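Contents: one structure, followed by commentary.
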Amino acid sequence: MSKTFHCSRLNLLGTKTTLGSQLFLAMISHVVANETARSSRTLSSGNSYKSGNVPSATWRVTASRFWMKRVNTRLELTPRLRARDTATVSYDDARAALAAWKADYPCDPYRSDSRLRSILARSLDPERMRALEVRASEFARALVTVVAPAAQRYEQRLHLPELNRFDELGNRTETVSFDPAYHQAGEVVWSSGVVALSSDPGRAYEQATLLYLLSLEGEAGHACPATCTIGLARALRRKASPEVRERFLGALVDPTYGSAQRGAQFLTEVQGGSDVGANECVATANDDGETYLISGEKWFCSVANADQFFITARVPGGPSGTRGLGSFVVPRMLDGRLNGFTLRRLKDKLGTRGLASGEVDFEGAVAWPVGPVEEGFRTAVSVVLNTSRWMTALGSAGIMRRAVLEARSFARFREAFGVPVDTFPSMRLTLADMTAASAGALHLVFALTDLEDRIDADTASEDDVLYHRFLVNAAKYLVSRQATSVVRSGIEVLGGNGTIEDFSVLPRLYRDAIVYESWEGTHNVLAAQVLNDLRRLPILDVVEARLGSCLDDAPASEVIEALRRRLGEVLESARRCRDDFGFASWHFRGVLDQIGVLAEATYLCSAGELPAATHLLYSCATSSCAPETDDLVSQRVNALLDIPEVSRSPLS
């Protein structure tokens with residue numbers, strides 16, 4: 001029995017009610033029977049600890065004792081509730097509860113994610129789905145056993161990347177050294193195929209699933225290198241000449257970590273961050289008619305250890321602004337020597353610490369154009385930056401999922417005033433906010449993934465391309481902001497424990513989430529890009545048609561109609577922003593927030609997830625908060641958290 005209970009996600013801790021003893025005994029028997037059956041299913045499906053993937057012996061023993069004690073004490077629940085103000089918990093009991101919480105994390109985070117699997121099953125043909133299930137499950141298990149403990153080490157300050165500009169003989173090397181654990185994690189990430197799949201057009205679903213799973217551990221030092229390598233590989237495959245593609249692509253899509261080359265993207269300069277048109281790095285044509293020489297500075301260079309750099313540089317004689325920028329690939333080494341660059345220093349960042357980010361000076365580095373030089377900025381945005389925005393949104397959604405897992409589990413196991421903290425309505429409301437945001441974000445980023453899949457396979461329609469142009473910026477903007485909020489709420493659920501670096505992964509996720517917010521364009525820049533696109537292209541009509549079609553396909557309900565009305569109101573505000581510059585300058589960002597949340601709620605409705613959609617609609621997408629009219633909040637929250645009527649709090 002103890003083996004079954006410590007592997008499962010029991011809701012037994014949330015069953016304290018004011019029911020009579022006979023009714024409660026019947027209920028507790030029902031819960032135990034259901035949970036035992038569910039644990040058996042869980043064991044067979046992989047959502048449990050098995051050989052080679054188990055919690056420590058201490059966790060197993062304390063968790064097992066904890067469950068037996070919980071079952072026994074629940075039989076005396078009613079008098080305990082009456083005396084809960086004076087209830088005491090021993091040190092051992094408290095630590096046993098924490099051990100049970102730790103052991104509750106799934107050993108296969110993919111198999112346990114029913115929402116993700118449901119999205120994939122609706123989107124992929126059976127053969128593709130079966131292949132992805134095997135790949136994703138294997139990767140998810142390795143994340144728990146290898147990547148998680150490795151990242152916990154190399155993300156600490158004593159084990160961060162170090163810059164080595166010279167070797168022991170004084171030769172310039174410009175290398176970055178990492179803790180050995182970093183490379184152990186890298187082997188797992190690269191062998192998953194998340195990068196190697198870039199060689200095969202139209203594999204966005206597979207790459208999105210793997211990147212999302214990796215992000216359960218935050219950036220972990222490898223999400224950014226994988227993303228940058230995928231972006232460069234896509235640019236080479238789609239835009240480069242056959243000769244340039246042949247020279248550089250193969251090494252990027254090698255699935256073996258030790259022999260594969262990593263890609264990076266260096267666009268930002270000290271005087272031109274979001275204002276890329278202000279960049280001054282120069283690309284001068286070489287005498288061979290094929291290559292260019294790059295000179296200048298790049299200010300924010302993530303994956304400073306990369307083997308190939310994707311950069312933008314200004315071609316002399318070209319127009320000013322972004323139209324005068326070309327896109328180039330610069331190999332780190334050329335003929336066994338450093339290729340005209342130096343690493344000035346590594347950045348000391350708030351988050352993504354395991355990732356080496358630095359400042360780079362180029363002095364005559366040999367570069368090859370990626371596509372026509374006059375189309376350089378278009379290549380940089382449409383392929384490289386949009387790939388990064390898509391994958392950053394995916395990463396933010398993964399971070400949110402992990403925060404929800406940690407917080408909801410902790411709230412079931414942690415007691416205060418004699419009851420589990422998830423019995424308090426205020427706590428349930430916090431958990432519901434987190435759960436709804438995470439669910440909506442997942443649906444939104446996989447709607448974007450569907451567009452990425454078709455565009456990469458060259459099967460997208462004109463409307464697909466227009467909708468993608470809107471969604472790639474809107475999703476990155478919205479979901480990265482939601483991630484920071486959700487993780488912060490998760491830290492709140494854990495209380496003071498939530499702020500301790502070695503107590504949970506949440507502090508690291510919080511730091512990473514804040515960095516994700518600024519990657520690939522600040523919020524105001526992305527909002528401005530969306531607004532500019534709305535003014536130039538018939539995107540609002542496409543957005544209205546796509547979301548309206550989703551609502552049409554969903555079963556009729558009051559929620560659907562309320563959502564339809566609210567969406568119409570917000571799109572009308574967006575049209576005013578499109579036509580009125582003064583109004584837009586103050587209000588469009590708020591309007592974009594609303595469109596994004598309504599899109600999330602729409603996709604949730606389309607998937608039949610009405611509790612989450614309803615919660616987003618009434619808590620995030622209405623014009624004002626009216627608690628006096630929201631008399632169904634407790635029902636909505638309990639439904640969203642899958643809390644059965646019999647186990648709902650007497651306080652709710």
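The values are calculated or read from the model by the stated rules, or taken from the named source; none is laboratory data. This structure is a prediction, so every number in the text was calculated from the model and none was measured. FYI the Cβ positions are ideal-geometry reconstructions off the backbone, even for glycines, and counts take in every protein chain you see. The area values use the complete protein model at the heavy-atom level, side chains included, leaving out ligands, DNA and RNA. Shrake-Rupley method; radii C 1.70, N 1.55, O 1.52, S 1.80 Å.
What the table shows:
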item: Conditions (1) surrounded by 21 or more Cβ atoms within 10 Å (Cβ to Cβ); (2) within 27 Å of the chain's Cα centre (by Cα): number failed by A584; result: (2)
item: Options G273, G296, G277, G317; residue that is surrounded by fewer than 23 Cβ atoms within 10 Å (Cβ to Cβ) and under 25 Å from the mean Cα position of the chain (by Cα); result: G273
item: Condition broken by V176, with the remaining ones in (1) farther than 22 Å from G358 by Cβ; (2) of a type outside the set (S, T, N, Q); (3) not in a loop (DSSP other than H, G, I, E, B) satisfied; result: (1)
item: Checklist (1) in contact with a Lys or Arg (Cβ under 8 Å, 6 or more places away or on another chain); (2) surrounded by fewer than 24 Cβ atoms within 10 Å (Cβ to Cβ) applied to T229, failing item; result: (2)
item: Test: L197 is crowded, with 23+ Cβ neighbours inside 10 Å and closer than 30 Å to V373 by Cα; result: no
item: Hits in segment 361-410 (condition: free of Cβ contacts under 8 Å to residues at least 24 places away in the same chain and in contact with a Leu (Cβ under 6 Å, 6 or more places away or on another chain)); result: none
item: Test: residue in segment 246-258 that is under 24 Å from the mean Cα position of the chain (by Cα) and of a type in the set (K, R); result: no
item: Selection count, segment 453-466, where residues are over 16 Å from S123 (Cβ atoms) and in a helix (DSSP H, G or I); result: 4
item: Failed criterion for Q184 (all others in (1) part of a helix (DSSP H, G or I); (2) touching a Phe, Trp or Tyr at 6+ places or on another chain (Cβ under 6 Å); (3) surrounded by fewer than 23 Cβ atoms within 10 Å (Cβ to Cβ) hold); result: (2)
item: The listed residue being of a type outside the set (A, V, I, L, M, F, W, C), open to solvent by 10 Å² or more (accessible area, probe 1.4 Å) and closer than 23 Å to I311 by Cα, out of P255, P242; result: P242
item: Residues satisfying the stated conditions in segment 152-166, i.e. open to solvent by less than 70 Å² (accessible area, probe 1.4 Å) and modelled with pLDDT under 95; result: none
item: Of all residues in segment 588-611 being in contact with a Cys (Cβ under 7 Å, 6 or more places away or on another chain) and polar (S, T, N, Q), the one that is most open to solvent (accessible area, probe 1.4 Å); result: S606
item: Residue that is nearest to L506 (Cα to Cα), among those in segment 346-382 that are open to solvent by less than 20 Å² (accessible area, probe 1.4 Å) and among the aliphatic types (A, V, I, L, M); result: L355
item: Qualifying residues in segment 468-506 (those that are within 12 Å of the chain's Cα centre (by Cα) and among the basic types (K, R)) - the one least open to solvent (accessible area, probe 1.4 Å); result: K476
item: Positions within segment 325-342 being in contact (Cβ under 8 Å) with a residue 12 or more places away in the chain and either in contact with a Cys (Cβ under 8 Å, 6 or more places away or on another chain) or not in a strand (DSSP E or B) (or both), in sequence order; result: R332, N339, G340
item: Scan of segment 511-551 for residues that are within 30 Å of A151 (Cα to Cα), of a type in the set (A, V, I, L, M) and open to solvent by 30 Å² or more (accessible area, probe 1.4 Å), ordered by number; result: I514
item: The one condition in (1) acidic (D, E); (2) open to solvent by 20 Å² or more (accessible area, probe 1.4 Å); (3) under 27 Å from S198 (Cα atoms); (4) in contact (Cβ under 8 Å) with a residue 24 or more places away in the chain that E462 fails to fulfil; result: (4)
item: Candidate set from segment 266-286 (those that are among the aliphatic types (A, V, I, L, M) and touching a residue at least 12 places away in the same chain (Cβ under 8 Å)); member that is farthest from W368 (Cα to Cα); result: V270
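To keep it simple, each residue is scored yes or no on (1) aliphatic (A, V, I, L, M); (2) touching a helix residue (DSSP H, G or I) at 6+ places or on another chain (Cβ under 7 Å); (3) under 20 Å from G498 (Cβ atoms).
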{"site": "R401", "(1), (2), (3)": "no, yes, yes"}
{"site": "A447", "(1), (2), (3)": "yes, yes, no"}
{"site": "I455", "(1), (2), (3)": "yes, yes, no"}
{"site": "S461", "(1), (2), (3)": "no, no, no"}
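Residue-wise test of (1) open to solvent by 10 Å² or more (accessible area, probe 1.4 Å); (2) over 17 Å from W101 (Cα atoms).
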residue	(1), (2)
V384	no, yes
M391	no, yes
L394	no, yes
A397	no, yes
E406	yes, no
F410	no, no
F417	yes, yes
P420	no, no
A432	no, yes
